[in-house]
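Data first, discussion second: the structure below is written as structure tokens.
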Amino acid sequence: MDAHHSASRPEDAHAGPAPTSKEPNAIAAGYLALAARIRDAGLLRRRRGYYITLFGVLMLLLCSAWTGFALLGRTWAQLIIAAVLGILFTQFSFLAHEAAHRQVFASKRVNEWAARLIGTGLVGISYAMWVRKHTRHHGFPNQVDKDPDIHTGAVAFHPEAAAGRRGMMVHVTRVQGWLLFPLLLFLGFSLYVDSVRYLIRNRAADRRWVEIPLLVTRFALLLGVVFLFLPVGLALAFIGVQIAVFGFYMGASFAPNHKGMPIYPKSARPDFVTRQVTASRNIRGGIIMDLLMGGLNRQTEHHLFPDMPRPSLRKAAAMVRRYCRTHDITYTETGLISSYATIVRYLNGVGIAATDPFHCPVADIYRPD
């Protein structure tokens, strides 16, 4: 059977027309039964000890990195420390994401404050901005005009967006798949700017007057230490490398989740399970990949059960696969490199619509090499 249409084989599925719901009542009933089995297996229990241990290890590594910064002095080897900080800030972002999804503590309030202190105070990304954006993403993954993660910006994620390009952007969009990863180097800077802009402009932002001081303190301390101990040129390079590594790692971890998967038109009304599963892609790799990608590699399970702790996602995967096979819902799982290749191919296919509005990117994906 063709892997692109089989729900029984966890192979790579490529972007195409959004699937329609099959037997929505049976799918819903099956999901309720699946949720009951998940709950009875204890997979929704909070894993506070796991997260506290992980936080402690990351804090130890962060302190070690700054100790290395102090010992190295004025040397270009400091750029290694900058890269390490970019990696660690991404790992802390994963923790903030999980706390925001209430995976860590039983208390909603404690989870929110943990996510705010880690995400805003330590990483430098506004928790209020992230919640507003990420909630919409979970409600409408890969749906045009509803999912902010496929909002048209430097990259056009669907043919309608590409067809609206004008001027030089037409030529850029045609090769946007190849440009995606270089563009990720600027993602961290974009997230920082968006956070500041959101808190300044949105007076109704939750805990705005908590987050603004947190952001100011965070950036003042980081920039103050770097520029105090390093020459200006080296300090600028240090900040640039830290932000570039942070943005690249973040983007490379989030991109495989949904990019290159089916896009739903804005008028689509699929059932909850079909929408969440068919728009998501899992990445193989076991526990190491769970740590490397902060559990985002189990995207299907995460979207079906957003409050499931990271260690439980792997155990839930087999149950979810069986459920999808039973209800003929395509469950996608692939290797990390393969997912990147699919994303590049899909985005380049979409980009052709910038000059040919009648071009179908799906044809490029299925055309033999």
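Computed quantities for the displayed model
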item	result
Some residue of the range 41-48 being in a helix (DSSP H, G or I) and at pLDDT 95 or above	no
Only listed residue being modelled with pLDDT of 95 or more and in a loop (DSSP other than H, G, I, E, B), chosen from V104, V110, V155	V104
Where D206 falls short, out of the listed (1) more than 30 Å from G349 (Cβ to Cβ); (2) part of a helix (DSSP H, G or I); (3) touching a residue at least 60 places away in the same chain (Cβ under 8 Å); (4) open to solvent by 50 Å² or more (accessible area, probe 1.4 Å)	(2)
Residue that is farthest from V277 (Cα to Cα) [pool: residues in the range 211-265 that are part of a helix (DSSP H, G or I) and in contact with a Lys or Arg (Cβ under 8 Å, 6 or more places away or on another chain)]	F229
Residues of the range 239-267 that turn out to be in contact with a strand residue (DSSP E or B) (Cβ under 7 Å, 6 or more places away or on another chain) and open to solvent by 20 Å² or more (accessible area, probe 1.4 Å), as a count	1
Residue match in the range 140-149 (condition: of a type in the set (F, W, Y) and outside any loop (DSSP other than H, G, I, E, B))	no
Sole residue being free of Cβ contacts under 8 Å to residues at least 24 places away in the same chain and basic (K, R), chosen from R281, R322, R275	R322
Residue within the range 308-318 that is at pLDDT 90 or above, part of a loop (DSSP other than H, G, I, E, B) and open to solvent by 40 Å² or more (accessible area, probe 1.4 Å) present	no
Condition check for I125: closer than 30 Å to G233 by Cα, of a type in the set (V, I, T), touching a residue at least 24 places away in the same chain (Cβ under 8 Å) and in contact with a helix residue (DSSP H, G or I) (Cβ under 7 Å, 6 or more places away or on another chain)	yes
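The values are calculated or read from the model by the stated rules, or taken from the named source; none is laboratory data. On a predicted model such as this, the values are computed, not experimentally measured, just so you know. For neighbour counting, all protein chains shown are included, and Cβ atoms are generated from backbone atoms with ideal geometry for every residue, glycine included. Each accessible area value is taken on the protein alone, full model and side chains, heavy atoms only, with ligands, DNA and RNA left out. Shrake-Rupley method; radii C 1.70, N 1.55, O 1.52, S 1.80 Å.
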